[in-house]
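Asks: The structure follows.
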Amino acid sequence: MPKAGARFHESDPEGYVSLFVQRGRIAVEVEGQTRELGSDQVAAIEAGYPWSATALDDSVVLMNFSWPEA
């Protein structure tokens with residue numbers, strides 16, 4: 001559970017990621033564009049796009065990662 005102000009980012013730009021906000025608010029940045037997500041909202045980010053997210057409130061975020069087959 002990220003606390004307000006916590007920041008996390010992609011560790012492997014070759015994978016897909018989805019961020020589902022279960023509680024709280026986060027700001028997601030992809031290619032210089034920032035979007036704010038609240039409870040019950042999802043961001044789906046294609047492989048190859050660097051991203052970062054910052055918790056704006058104490059939040060619960062489910063992160064799913066997927067990599068293409070080798």
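Asks: Got the relative contact order for the chain handy, in percent, Cα pairs under 8 Å and 6 or more residues apart? Mind showing how you got there, number by number?
Replies: Numbers: 172 pairs, mean separation 33.3, N = 70.
After rounding, I find 48 percent.
Asks: So what J values fall out for the range 48-53 if you push phi through Karplus, 6.51 cos²θ - 1.76 cosθ + 1.60 with θ = phi - 60°, rounded to Hz, Gly and Pro as x?
Replies: Per-residue couplings from phi come out as x, 10, x, 9, 8, 9 Hz.
Asks: Give me the 1.4 Å probe accessible area per residue for the chain, excluding ligands and nucleic acids, in Å².
Replies: 65 Å²
Asks: Among GLN41, GLN33, GLN22, determine the one that fluctuates most according to a GNM of the chain built with springs between C-alpha atoms less than 10 Å apart.
Replies: It is GLN33.
Asks: Taking the Cα centre of the chain as origin and charging only Cβ (+1 Lys, Arg; -1 Asp, Glu), how large is the dipole, in debye to the nearest 20?
Replies: On the way: 5 positive and 11 negative charges, 72 e Å.
So the magnitude is around 340 debye.
Asks: Amide H neighbours of GLN41 under 5 Å, at least 5 residues apart or on other chains, H built in the peptide plane: list them.
Replies: Amide H neighbours of GLN41, under 5 Å, 5+ apart: VAL21.
Asks: Please report the carbon-and-sulfur percent of the accessible area for the chain; probe 1.4 Å, protein heavy atoms only, DNA, RNA and ligands left out.
Replies: Carbon and sulfur together cover 48 percent of it.
Asks: What length, rounded to one decimal in nm, is gained on full extension from SER18 through to ASN64, with 0.36 nm per residue of separation minus their alpha-carbon distance?
Replies: That pair, SER18 and ASN64, stretches by 16.0 nm at full extension.
Asks: Give the label of the value calculated from the structure for Kirkwood radius over Cα pairs in Å, choosing from (1) 12.4; (2) 12.0; (3) 15.8.
Replies: (2)
The values are calculated or read from the model by the stated rules, or taken from the named source; none is laboratory data. On a predicted model such as this, the values are computed, not experimentally measured, just so you know. Neighbour counts are summed over all protein chains in view; Cβ atoms, including those assigned to glycine, are modelled from backbone coordinates with ideal geometry. SASA here: full protein model, heavy atoms, side chains in, ligands and nucleic acids out. Shrake-Rupley method; radii C 1.70, N 1.55, O 1.52, S 1.80 Å.
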